[in-house]
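The values are calculated or read from the model by the stated rules, or taken from the named source; none is laboratory data. Because the structure is predicted, anything quoted here is derived from the model rather than measured. Cβ placement follows ideal geometry from the backbone for every residue including glycine, while neighbour counts extend to all protein chains displayed. For accessibility, only protein heavy atoms count, side chains too; no ligands or nucleic acids. Shrake-Rupley method; radii C 1.70, N 1.55, O 1.52, S 1.80 Å.
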Amino acid sequence: MSEDPVPSNQAEDTGGVRSVQRAFDILSLLTEDRRTLTIREVVDETGLAKTTALRMLQTLEHMGLLWATPKGYAAGPALWRWAHLARNAWELPPETVQLMRELGARQRETVNLYVLRDVHRVCIAQQESPQPLRHVVRVGDELPLWAGASSKVLLKDAPERLLERVARASPYGQEHVATLREWAARAERDGYAVSHGEREPGLSAVAVPVTGGSKATVAALTLSGPSVRFTAERVEEFTADLVEVARRMSERGFEHPLG
């Protein structure tokens, strides 16, 4: 027996969502190291047919999201408006930025501020370590929640259903729920969390919660860097400094755009 045909409006919705996803897949190919895209690069990296890729590129150019140049397609002027809106929404108070800058200068490791978004943690601010060997995450990057010191802190108030979703998205599957639950409970008990090589070999981090008006965790303040520099003594020093800085951030009132 043949299956019922997909209703026309449902088919249109599916096609529309797919087109939006394709458009963002193309835009995401642009990076600081690659400022322009050729049609060949789009075809090779997205798997789209050349005719489809060209149509998508032309549409994005028409909307001002891309700009045709002799070297390829570059970011278009319409992105300036989105960038301006995003900067205003995500910009932290000067006092918070200064606290992070001073923390990074004292401890000489990378300082990050993460917030929870679905099954990811999003970096909303960073102060890079001044050392040549350092850990760097770009502002706006989404990282998984299944490992890492900041994840443990952000998950300490998480409902069971979120832990289950994070576990399913991890390389370890559903059984990882028990580990996530244990990590979250430990972060709740200790007031901080530590990780060594959980997501990336050779990378360590220490994280503490930043709380909002209701005293609930709204962000994770983190110091991260090469594991060889994160000795037990240094971790203890990092933790004490992070706790003090997070307390000052919380007292001044901390909000984030995803809250």
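In Å², and per residue, what accessible area does the chain have when probed at 1.4 Å with the other protein chains present? Please report the intermediate quantities before stating the final value.
On the way: 14950 Å² over 259 residues.
Per residue, the chain has 58 Å² of solvent-accessible surface.
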Qualifying chymotrypsin sites (Phe, Trp or Tyr not before Pro) in segment 159-259, DSSP loop, other Cβ atoms within 10 Å at most 15: TYR172
Sequence-distant aspartates and glutamates (8 or more away, or on other chains) whose Cα lies within less than 19 Å of LYS50: ASP25, GLU41, GLU61
Label of the coordinate-derived value, log10 I(q)/I(0) by the Debye sum over Cα atoms at q = 0.09, 0.10, 0.11, 0.16 Å⁻¹, listed as (i) -0.36, -0.45, -0.54, -1.16; (ii) -0.40, -0.50, -0.61, -1.27; (iii) -0.52, -0.63, -0.75, -1.18: (iii)
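Please tell me the relative contact order of segment 18-82 in percent, rounded to the nearest whole number, where contacts are Cα pairs under 8 Å and at least six residues apart. The partial results should precede the final answer.
On the way: 63 pairs, mean separation 19.0, N = 65.
Value for segment 18-82: 29 percent.
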On Cα atoms only, tilt of 232-252 relative to the major axis of the chain in degrees: 70 degrees
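Mind listing which trypsin sites (Lys or Arg not before Pro) in segment 164-215 are in a DSSP loop and have 10 or fewer other Cβ atoms within 10 Å? Walk me through the numbers on the way to the answer.
Details: sites: ARG165, ARG168, ARG181, ARG186, ARG189, ARG199, LYS215; in loops: ARG199, LYS215.
When the trypsin sites (Lys or Arg not before Pro) of segment 164-215 are filtered for loop state and at most 10 Cβ neighbours within 10 Å, LYS215 remain.
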Length-normalised contact order of segment 18-147 in % [C-alpha pairs under 8 Å, at least 6 apart]: 14 percent
Value at 222 nm in deg cm²/dmol, rounded to 500, when DSSP H runs of n ≥ 4 in the chain each add -39,500 (n - 2.57): -14500 deg cm²/dmol
Mean separation of Cα contacts under 8 Å (6+ apart) over length of the chain, as relative contact order %: 14 percent
Under 24 Å from the Cα of LYS215 - lysines, other chains or at least 8 residues apart: LYS152, LYS156
Fraction of accessible area attributable to carbon and sulfur, the chain (%, probe 1.4 Å): 53 percent
